[in-house]
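Notes to accompany the following structure.
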Amino acid sequence: MTGTTANPAPPIEEGVPRALRADARRNRDAVLAAAKRLFADQGLDAQMPDVARAASVGVGTVYRHFATKDELIAALVAERFERLAESVRENLEAKDTWEGFCGFIRFATQIQADDRGLCEVMGSRPEMMDAAALAAGLPELCDRLVKRAQDAGKLRRDIEWEDIPMIACGLGSVTQASIGPATGRWPRLVEIILDGLRAPGCAKLPHSP
């Protein structure tokens, strides 16, 4: 009897729990794209039915891919933190170490200015933010970015990588100001803070807890 060779199973893409049919994948991508727009504009107030309407799918389709609103938010946050990690990698290649450091701080602030939902997550869901940062490798990347600028004598020596997320979150919250004197002035604040981070630094920082 002549044997037959079975066709190999299609590969399962990393990051997707199981292989999806083409139409199901299109629906998932549409849900994510719609959610990204809505949460960027409305923040965490956006609801699953809103996402379904924006994606032109049924609410049941949204829930088949993301069982809860938090699962959907987590997927969006993971994508944003991957973009942040990619920005660090790009800035680690900058010839000028100071400009590389500043480039990331500016990018991290801009991405929050453009995304109200991400800014709110960073302020209200620290556990989700920490999980996404770890998964993207941001702690190690930020540590490299800081030490590279310090080794070049550009960044004050008492800065630690753990200071970077706090600086980014603080700047991000200012970008969302819609009333009062802070409205629209966040690019100035970014440059003021960056100037304060330059080596050698005048004021002595308190010890880390």
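The values are calculated or read from the model by the stated rules, or taken from the named source; none is laboratory data. Bear in mind that the values here come from a model prediction, so they are computed numbers and not experimental data. Neighbour counts are summed over all protein chains in view; Cβ atoms, including those assigned to glycine, are modelled from backbone coordinates with ideal geometry. The area values use the complete protein model at the heavy-atom level, side chains included, leaving out ligands, DNA and RNA. Shrake-Rupley method; radii C 1.70, N 1.55, O 1.52, S 1.80 Å.
Any chance region 125-148 includes a residue that's over 20 Å from A75 (Cα atoms), charged (D, E, K, R) and touching a Gly at 6+ places or on another chain (Cβ under 9 Å)? Don't jump to the end; show me each part of the working.
Taking region 125-148 as the starting set, the residues that turn out to be over 20 Å from A75 (Cα atoms) are 140-148.
With the extra rule that they be charged (D, E, K, R), the set shrinks to 140, 143-144, 147-148.
Next, only the ones that are touching a Gly at 6+ places or on another chain (Cβ under 9 Å) stay: 148.
Yes; the residues of region 125-148 include at least one that is over 20 Å from A75 (Cα atoms), charged (D, E, K, R) and touching a Gly at 6+ places or on another chain (Cβ under 9 Å).
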Mind checking which pairs have a first residue in region 159-181 that is assigned to a loop (DSSP other than H, G, I, E, B) and a second that is open to solvent by 30 Å² or more (accessible area, probe 1.4 Å) and modelled with pLDDT of 95 or more, Cβ under 6 Å, 6 or more apart or different chains? W161/D143
Of all residues in region 138-157, which are more than 15 Å from L84 (Cα to Cα), open to solvent by 70 Å² or more (accessible area, probe 1.4 Å) and part of a helix (DSSP H, G or I)? K147, D151
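Do any helices (runs of 4 or more DSSP H) lying entirely in region 18-137 carry at least 2 residues that are open to solvent by 60 Å² or more (accessible area, probe 1.4 Å) and not aliphatic (A, V, I, L, M), and which ones are they? Lay out the reasoning, then the answer.
Values: elements: 22-42, 48-55, 59-65, 69-92, 97-113, 116-124, 126-136.
Because the criterion is at least 2 residues that are open to solvent by 60 Å² or more (accessible area, probe 1.4 Å) and not aliphatic (A, V, I, L, M), the helices (runs of 4 or more DSSP H) in region 18-137 that meet it are 22-42, 59-65, 69-92, 97-113, 116-124, 126-136.
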Which one of the conditions (1) of a type in the set (A, V, I, L, M, F, W, C); (2) modelled with pLDDT under 95; (3) in contact with a Leu (Cβ under 7 Å, 6 or more places away or on another chain) does L155 fail to meet, given that it meets all the rest? (2)
All-but-one check, P200 against (1) under 22 Å from the mean Cα position of the chain (by Cα); (2) touching a residue at least 40 places away in the same chain (Cβ under 8 Å), failing number (1)
What pairs come up if the first residue lies in region 134-148 and is more than 17 Å from I167 (Cβ to Cβ) and free of Cβ contacts under 8 Å to residues at least 40 places away in the same chain, the second is open to solvent by 30 Å² or more (accessible area, probe 1.4 Å) and among the hydroxyl-bearing types (S, T, Y), and their beta carbons are under 6 Å apart, counting only those six or more places apart or on different chains? none
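Is it the case, given these coordinates, that A177 is open to solvent by 30 Å² or more (accessible area, probe 1.4 Å), over 21 Å from the mean Cα position of the chain (by Cα) and among the aliphatic types (A, V, I, L, M)? Lay out the reasoning, then the answer.
Values: open to solvent by 30 Å² or more (accessible area, probe 1.4 Å): yes; over 21 Å from the mean Cα position of the chain (by Cα): no; among the aliphatic types (A, V, I, L, M): yes.
So A177 fails the test.
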For region 158-174, enumerate the residues that are crowded, with 16+ Cβ neighbours inside 10 Å, under 24 Å from F81 (Cβ atoms) and more than 19 Å from the chain's Cα centre (by Cα). I159
